[in-house]
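Here is the structure we will look at, set down as structure tokens.
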């Protein structure tokens, strides 16, 4: 398998070549790390968000938008499709790198995770990346600092000057879009966590509504997760049957029906302490090759309308 970070680097080069068209900004930190701002000091936008979501999957997924409705209101929906879900979603896109350094707090996801390859899923997939450059997408209310870049580079085993950090706040168009693009990732992560062989996930197609940009990062975190849990739709083609498919949708969780901003607030915004089964798409179709097709969960337009203030 080719390097995930090499493939992502080609998309980084594309972003740098089209900064004006995408409404993004590129700057270099004192230690040589390159930050690509998709929504902090610049407007970014939907096209910028599409490229950022593709970056997070190392180019192994097709990401696009379409128009649909939430509670009869026309809203863009984000669609993602991949035939390499173990690599694209579990080894690359998954946002589980907690960044906490000198007052900076953020969440990292993207191909640079595969340079570290410490999570169990990498051994289950049988993949670890070796490359001289790394790409880590950072979701935070501020652009990553030199200290953050140094820590990421050290863990990834590369020089800071070889690190690229595309970044956006959740409360931005690009941020809202990249979260909506994670519906398939949530389903794949949940299925693997339940014990299913991630290599038996053959294909994933998913969509979720693009949550309106909120006035604060806290509200944006709530809205974008509501978009997934109450509006995310996933189709998975898998190789083997499994007796726990019914645990995949958000409807299977104890907190179902509670807006995520309330859930996060009750946990003191310590998201790492929340149960993993909280993060799941609203509805799924799981198609077993040569076997049964399972239709699970339901969407909740009423809760989304309240969350989005429609």
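Read-outs: derived from the displayed coordinates by stated rules, not from any lab. Given the structure is predicted, the values throughout are model-derived calculations rather than measurements. Cβ coordinates were reconstructed from backbone atoms using ideal geometry, including for glycine residues, and neighbour counts include every protein chain displayed.
Before moving on, here are some points about what is shown:
- Backbone N under 20 Å from the residue 247 label point (7 Å along Cα→Cβ), restricted to segment 162-191: 184-191
- Cα centroid of segment 93-107 to Cα centroid of segment 214-290, whole Å: 20 Å
- DSSP beta bridges fully contained in the chain are about 75 percent antiparallel.
- Estimated distance in nm for a label pair at residue 41 and residue 124, the labels positioned 7 Å out from Cα along Cα-to-Cβ: 4.1 nm
- Relative contact order (%) - the chain, alpha-carbon pairs under 8 angstrom, separation at least six: 17 percent
- Per-residue packing, averaged as other Cβ atoms within 10 Å, sorts the ranges 138-144, 238-244 into the order 138-144, 238-244, beginning with the highest.
- For the listed peptides 36-43, 117-124, a ranking on the average number of other beta carbons within 10 Å per residue, highest first, reads 36-43, 117-124.
- Here the simple spin-label model places points 7 Å from the Cα toward Cβ, and for residue 2 and residue 18 these points are separated by 1.8 nm.
- Overall form of segment 69-139 per C-alpha gyration tensor (a/c, 1.5; a/b vs b/c): oblate
- Note on residue 276 and residue 193: the model spin-label points, each 7 Å out from Cα along the C-beta direction, lie 0.6 nm apart.
- If a spin label sat at a point 7 angstrom from the Cα of residue 292 along the line to its beta carbon, the backbone N atoms of segment 249-276 nearer than 17 Å would be those of 249.
- Gyration tensor verdict on segment 253-310 (Cα atoms; rounded if a/c is under 1.5, prolate if a/b is larger than b/c, oblate otherwise): oblate
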